[in-house]
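Visitor: Next up is a structure, given as structure tokens.
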Amino acid sequence: MSQLTYEQIIEALRPVQDPELRRSLVELGMIKDVAIDGSTVRVQVELTTPACPLRERIRGDVEQALRALPGVEQVEVAFSARVRAAGTGLPDRQPIPGVMNTIAVASGKGGVGKSTVAVNLAVALAQEGAKVGLLDADVYGPSIPLMLGADEQPGLADNKIIPGRAYGLAVMSVGYILDPEKALIWRGPLVSQLIRQFLSDVQWGELDYLVIDLPPGTGDVQLTLVQTIPLSGAIIVTTPQDVALADAIKGLQMFREVKTPVLGIVENMSYFVCPHCGHRVDIFGSGGGERVANTYGVPLLGQIPIDPAVREGGDTGRPIVVSHPGSPTALAFREAARQAAARLSVEAAKKPRKPTLLLRPNR
């Protein structure tokens, strides 16, 4: 029996594609190491996000391709991850230093649980191993300090704002600065100045994703944001009923007008399951988020059920992905986060990049 070669391994892997990007793992430079030990082949695959929703599918495809080679009896697949920056095609926007991707979480109207979604998506991405920040740009109703608390409060160093820390996130909110019992009574120009300061004067560090919780609507904060930094993508939060969907569509169209990719829709409060009898009730109607997603050609990232633990976690500073990680609601948030990360990887793949040289194998 002839000895396996590195070239044979690479050629066997060449047809294997990333399911989201629909391009060869070899072509994308995702095969980072190959080791041949007799009849055992070890391969390291570098994913485009640690929150990859199709990790096990990739593992299975790699194993199947290599087991088809004569002489291969065992295949071991290890994963690493390197997040790529998604481009927006707007060269006049200056990115935040160290931040690979910025994700706006928006809604056309209030009361749909947008901040709850932003918090749980951010924490879920951090739990997957990504470096994540959360900016509370909802300056008139800053709820992030209550929903997260902070293990470390924001501070100052070298004329830069140092964000707080909570659940692995770098966190910044005007709620950490202002008296919680006083309203922010500022006109639009002052609010825009504050948002610019949060974008330029906060030492965010190295982040894969900065999740930005926007206020409802399409006003000053949204315009300041899209005119200042290159947004990598937007997530639209809605509930199933028509009154919320009508405003969600306006938000979706706004991001398209400013050339920001819409990563998808999260339908919050989709349904309620009685904890006693298991009966499902569609309190706010059903299927609205899916209809909008299909009509406007964007993914439905997730349908989040109504769960009292979400309210409890928001009041006590323990998001449901932390307090009840195995619950259906937490799993729905986690899957929505993975799908959003996958959509960003697709956007990043559209950017031209230099070909990656494959490493020679370790023997």
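Visitor: Of the listed pairs K131/K182; K32/K259; K32/K114; K114/K259, which have alpha-carbon separations greater than 30 Å here?
Guide: K131/K182; K32/K259; K32/K114
Visitor: Need one number: % antiparallel among DSSP beta bridges in the chain, to the nearest 5.
Guide: Among the beta bridges of the chain, antiparallel pairing accounts for roughly 30 percent.
Visitor: Follow-up question, since we're still on this one. Rounded to the nearest 5, what % of the DSSP beta bridges within segment 35-146 are antiparallel ones?
Guide: 25
Visitor: Distance between the C-alpha centers of segment 269-292 and segment 41-76? Whole Å please.
Guide: When both Cα centres are located, 38 Å separates them.
Visitor: Here is a further query. Kirkwood Rh, Cα Rg: Rg to Rh for segment 1-131?
Guide: 1.11
Visitor: Report the normalised scattering of the chain as log10 I(q)/I(0) at q = 0.15 Å⁻¹, calculated by the Debye formula with identical scatterers on the alpha carbons.
Guide: -1.25
Visitor: Next question. At most 14 other Cβ atoms within 10 Å and a DSSP loop assignment: could you name the trypsin sites (Lys or Arg not before Pro) in segment 1-75 that fit?
Guide: The qualifying sites are R22.
Visitor: Continuing with this model, one more query. Only helical DSSP H runs with n ≥ 4 go in: add -39500 (n - 2.57) per run for the chain, normalise by residue count and round the 222 nm mean residue ellipticity to 500 deg cm²/dmol.
Guide: It comes out at -10000 deg cm²/dmol, rounded to the nearest 500.
Visitor: Another one. Under 8 Å for C-alpha pairs, at least 6 residues apart: give me the relative contact order for the chain, rounded to a whole percent.
Guide: 22
Visitor: Using the Kyte-Doolittle scale, which helices in the chain average at least 0.5 and also have C-alpha atoms spread 15 Å or more along the helix axis, with helices defined as whole DSSP H runs?
Guide: 114-127, 188-200
Visitor: Something else about it: Along Cα→Cβ, 7 Å out, is where each label goes; now give me the distance between the ones at L146 and R93 in nm to one decimal.
Guide: Those two pseudo-labels are separated by 3.1 nm.
Bear in mind these aren't lab numbers, they're just calculated from the coordinates by the rules spelled out. Predicted, not measured: the structure shown is a model, and the values here were computed from it. Virtual Cβ from ideal backbone geometry, glycine too; neighbours counted across all protein chains shown.
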